[in-house]
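The values are calculated or read from the model by the stated rules, or taken from the named source; none is laboratory data. Remember, predicted model here, so these are calculated numbers, not experimental data. Every residue, glycine among them, receives a Cβ derived from its backbone with ideal geometry; neighbour counts consider all protein chains shown. The area values use the complete protein model at the heavy-atom level, side chains included, leaving out ligands, DNA and RNA. Shrake-Rupley method; radii C 1.70, N 1.55, O 1.52, S 1.80 Å.
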Amino acid sequence: MIIKKRLIFAVVLFAISFANAQTENNYISKGKFGKGIFNFVGKDSTWSIKMAARMQMLSTFNFENENGLRNMSSSALLRRSRLKFDGFAYTPKLKYKLELGLSNNDLSGGDITSKNANRLILDAVVMWNFAGNFELWYGQTKLPGNIERVISSGNLQLVDRSRLNKEFTIDREFGLQLRHHFNLTKTFVVREKLAISQGEARNITVANKGGHQYTGRLELLPLGLFESKGDYSGGDLKREKSPKLMLSAGYSYIEDAVRKRGNQGDYFIDLDEDGKWLSTGAIATDVKTTFIDAMYKYNGFSFMGEYAKRTANDETNVRVGDGLNLSAGYLFKSNWEIAGRFTNVSLDGVAKVEERNEYTIGISRYVVGHKLKIQADASYIDIIGKTNTAGVRFQVDIHL
């Protein structure tokens, strides 16, 4: 905890000192609220840096009715607290991104695979536009998986992501990504994304027990680009003047996976205190995940659909199954939005058998778009054969 506090203090002190030291020597881009705490470009235009911060404060209330007994629980927490740095180095064709997660939720999950350290770093990646429309990414960042996961947690339409994302996401990893886009017609855009990564999630420091992860994603935009990258943002905050549509599909293959949800979840093969893998009788297995999703926006109306399916050669320890997630919303001219979501997740492997339906309705007030907003939603969770639950969430989101 002392190390964590010192690190946070050092980052903040660096930012303040850097801003004071550079004001006289560099040009300052004075942006509006939500555009970053500071934004500098070197006089010789060989570098730039922008720093931004954001927070999400969340309160939840859950209700259960089991055997005639009504139980209620509540919580209040700092859901996310993050610092983000990005810019370019030497040339605008070489960009970088560094994002730190400072809340307990962001830092949790450390174990012997990360040397029992807090998982402070979310993203640390460089992106090189080496030729035409080609970009090569190297470092730790989000894999090109399901659309809901790739959308930033600060740009969500509802308070948080769905159960489908929790079960099937492939999240972040260290590795290489190759990205490319081209036009089939004047408006029809195609984007391709390929990745080779470590295969066991972010901030891993021990050698892989299993093999690597191979991911691909294809995105089709037949009606042209969304305004302000709206295909990677919840709700139609830009009120698209003409219909916009993205259809996409992705596939992830992990050779000899050793975690229950592919590259996520608990390990089913253990390590000793020195970080060496133990022989426990469990066998690593190949895991495949397929994603199909869509995004549509027009004049304040938005729709997002996702389907995910996970399979494994050996289902003994892996959570296999599929899920469907459908959400839609309408943004009024007053910047109030109403939205609804239906999620079905069905797990049918040896490791877990469960089917659940979740129904969510939410309301949002966008004060400054996604940069300053207030959100609330209510959910009913129907788990087949188990106690049903209902919950209410309230969240304030602010980005500097």
Cα-projected label distance for T311 with N116, points at 7 Å along beta-carbon direction, nm: 4.2
- prompt: How much mean residue ellipticity at 222 nm does the chain get from its helices, if each DSSP H run of length 4 or more adds -39500 (n - 2.57) and you divide by all residues, to the nearest 500 deg cm²/dmol?
  reply: -2500 deg cm²/dmol
message: Suppose we take every Cα in segment 159-317 and form the convex hull; what volume per residue is that in Å³?
response: 121
message: Can you order the peptides 107-114, 357-364 by their average number of other Cβ atoms within 10 Å per residue, highest first?
response: 357-364, 107-114
statement: Here the relative contact order (percent) of the chain, from C-alpha pairs under 8 Å and at least 6 apart, is 13
FRET efficiency estimate (nearest 0.05) - Cβ-Cβ, N65 to V368, R0 35 angstrom: 0.30
statement: Out of V189, V318, V159, a Gaussian network model of the chain with alpha-carbon springs under 10 Å gives the largest mean-square fluctuation to V189
message: I need the semi-axes of the equivalent ellipsoid of the chain: take the C-alpha gyration tensor, multiply each eigenvalue by 5, square-root it, list largest first in whole angstrom.
response: 32, 28, 24
field: For segment 90-228, the fraction of alpha-carbon pairs in successive 10 Å shells from zero, as %
entry: 11, 34, 38, 14, 3, 0
- line: Heavy-atom accessible area of T185, protein chains in place, probe 1.4 angstrom, given in Å² to nearest 10, is 80
- prompt: Carbon-plus-sulfur fraction of the accessible area of the chain, 1.4 Å probe, in percent?
  reply: 59
query: Among all lysine pairs in segment 257-400 that are eight or more places apart or on different chains, how many have alpha carbons less than 28 angstrom apart?
result: 18
- line: Computed over segment 244-397, the relative contact order (Cα-Cα under 8 Å, seq sep at least six) in percent reads 14
query: So what does log10 I(q)/I(0) come out to for segment 141-184 at q = 0.19, 0.27, 0.31 Å⁻¹, using the Debye formula with one equal point on every Cα and no solvent?
result: -0.68, -1.01, -1.16
- request: Using a/c under 1.5 as the rounded threshold, could you call segment 154-244 rounded, prolate or oblate? The axes a ≥ b ≥ c are square roots of the C-alpha gyration tensor eigenvalues, and prolate needs a/b larger than b/c, oblate otherwise.
  value: oblate
- prompt: Sorted by accessible area (1.4 Å probe), largest first, how do M55, M72 line up?
  reply: M72, M55
statement: In Å², rounded to a whole number, the accessible area per residue of the chain with probe 1.4 Å is 49
message: Could you tell me the relative contact order of segment 86-178? Use alpha-carbon pairs under 8 Å, at least six residues apart, and round to a whole percent.
response: 23
query: What does the convex hull of the Cα atoms of segment 64-111 come to per residue, in Å³, rounded to a whole number?
result: 147
